[in-house]
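Every number here is computed from the coordinates shown, using simple stated rules; none is lab data. For clarity, every value in this text was computed on a predicted model and none was experimentally measured. Note that we place each Cβ from the backbone using ideal geometry, even for glycine, and neighbour counts take in every protein chain shown.
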There are 2 protein chains.
Amino acid sequence: MSAPDRESALLSGDKLELKLWLRLLTCSSLIEAEVRARLRETFATSLPRFDLLAQLDRAPVGLTMGELSSRLMVSNGNVTGLTDALVREGLVSREPEPEDRRSLRIRLTETGKRSFDAMTPTHEQWIDRMMAGLSRAEMAHLLELLGKLKQSVRSAAGAA
Amino acid sequence: MSAPDRESALLSGDKLELKLWLRLLTCSSLIEAEVRARLRETFATSLPRFDLLAQLDRAPVGLTMGELSSRLMVSNGNVTGLTDALVREGLVSREPEPEDRRSLRIRLTETGKRSFDAMTPTHEQWIDRMMAGLSRAEMAHLLELLGKLKQSVRSAAGAA
């Protein structure tokens, strides 16, 4: 029936926590793979680029490199390479902070904003369709339980 | 308060589906980053290696390369490189199938099995602790809702 994934070989005696983690990973991997493939096919762009533009689109005064990498949960080095490419293409600007010239602030340019705005309605449709099997109440409940999980993981991982 | 992540800049008017996707991605990224860091610190190993050994540990007759890459949801190329390294280290074996010599079957060796068994109790503890903020009932409900989501994503993505 369904394609094999990380959960397939779990045994009935396996722990609930492990099942939950593998199912969570399966869900996010499936959605991510789908969004990645569609971004490439439809807009000839990559998921890291889309994610970076999305974060900047929601930051009216822009973001420092550190803020960007924290929000994207990737290393500073990854953000630097990606930003280099987007600066060259004119989609984002990168300027030293007036009060601390070692710190760089990234902003979406007008071109970058137009490029991102052209993709968002389609991107939202993809996400909507992938979640269409859940009722609004189920989505709200899932959001709440994932909120609890996020807190639980953060406190176990000792993150601030 | 909490570290900024992909959800941080969401607006109250944003759609439930988008919120859900970003929260799901945040949860799985947080757990994955934690497991990755701990595997490196505690066992000097990587998450892809651990995942591959885990899949083989649950497959008594081994897995073909195709089965492995499907379960790990990564490309065949990635699995090949990883398998090469594990064969060299004597943790897995790779033999042609008797009835189809173009197909390769991967199995855990005795050494591989011992190496994996030495890591699993600790790995389970990490996962348990990260989920300790949820009750058994909440975990069971979350598992159920993620099961619905998985089906919904698979049917929207047209996957078998």
Can you bin every Cα-Cα distance in the protein assembly as shown into 20 Å intervals starting at zero and give me the percent of pairs per bin, rounded to whole numbers? 29, 57, 15, 0
Once you have the alpha carbon radius of gyration of the stretch A:16-153, what is it after dividing by 2.2 N^0.38 Å, with N set to its residue count? 1.21
222 nm [θ] for chain A, helices only, -39500 (n - 2.57) per DSSP H run of 4+, per residue, to 500? -21500 deg cm²/dmol
Expected response for nearest chain B Cβ to the B-A rotation axis, distance in whole Å, is B:S28, 2
Using the alpha-carbon atoms, what tilt in degrees (0 to 90, nearest 10) does helix B:110-130 show relative to the longest principal axis of chain B? 10 degrees
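Summarise the partner chain shielding of A:79-88 as one whole number: the mean count of Cβ atoms from other chains within 10 Å of each residue's Cβ.
Mean shielding by partner chains, rounded to a whole number: 0.
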Set the bar at 29 Å for Cα to Cα. Now go through A:K15/A:K148; B:K113/B:K150; B:K15/B:K150; A:K148/B:K113; A:K15/B:K15 and name every pair that lies beyond it. B:K113/B:K150; A:K148/B:K113; A:K15/B:K15
³J(HN,Hα), Karplus 6.51/-1.76/1.60, whole Hz, each residue of the stretch A:30-35, x for Gly, Pro: 5, 5, 4, 4, 5, 5
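Average partner chain C-beta neighbours within 10 Å, per residue of B:134-147?
6
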Just to confirm my numbers, what's the Cα centroid distance between the stretch B:18-52 and the stretch A:89-153 in Å? 20 Å
Which residues make up the longest stretch of chain B clear of GluC sites (Glu not before Pro) that lie in a DSSP loop with no more than 14 other Cβ atoms within 10 Å, not counting the sites? B:1-88
Express the relative contact order of chain B as a whole percentage, based on alpha carbon pairs under 8 Å and six or more residues apart in sequence. 16 percent
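Using a 10 Å Cβ count of at most 11 others and DSSP loop calls, identify the longest part of chain A lacking such trypsin sites (Lys or Arg not before Pro).
A:1-100
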Enumerate the amide H contacts of B:T64 below 5 Å, restricted to partners 5 or more residues apart or on another chain; note that Pro and chain-start residues carry no placed amide H. B:I106
Nearest-first distances (nm) between copies at A:R36, label 7 Å from Cα via Cβ: 1.2
Given label points at 7 Å from Cα along Cα→Cβ, what nm distances, shortest first, separate A:A140 from the same residue in every other copy? 2.4
Taking the Cα atoms only, what angle lies between the long axis of helix B:47-57 and the longest principal axis of chain B, rounded to 10 degrees? 60 degrees
When each copy gets a label point 7 Å from Cα toward the beta-carbon at A:A118, what are the spacings between them in nm, shortest first? 5.5
Sequence-distant or interchain residues sharing an amide H contact under 5 Å with A:V92, placed H: which? A:V87, A:T109
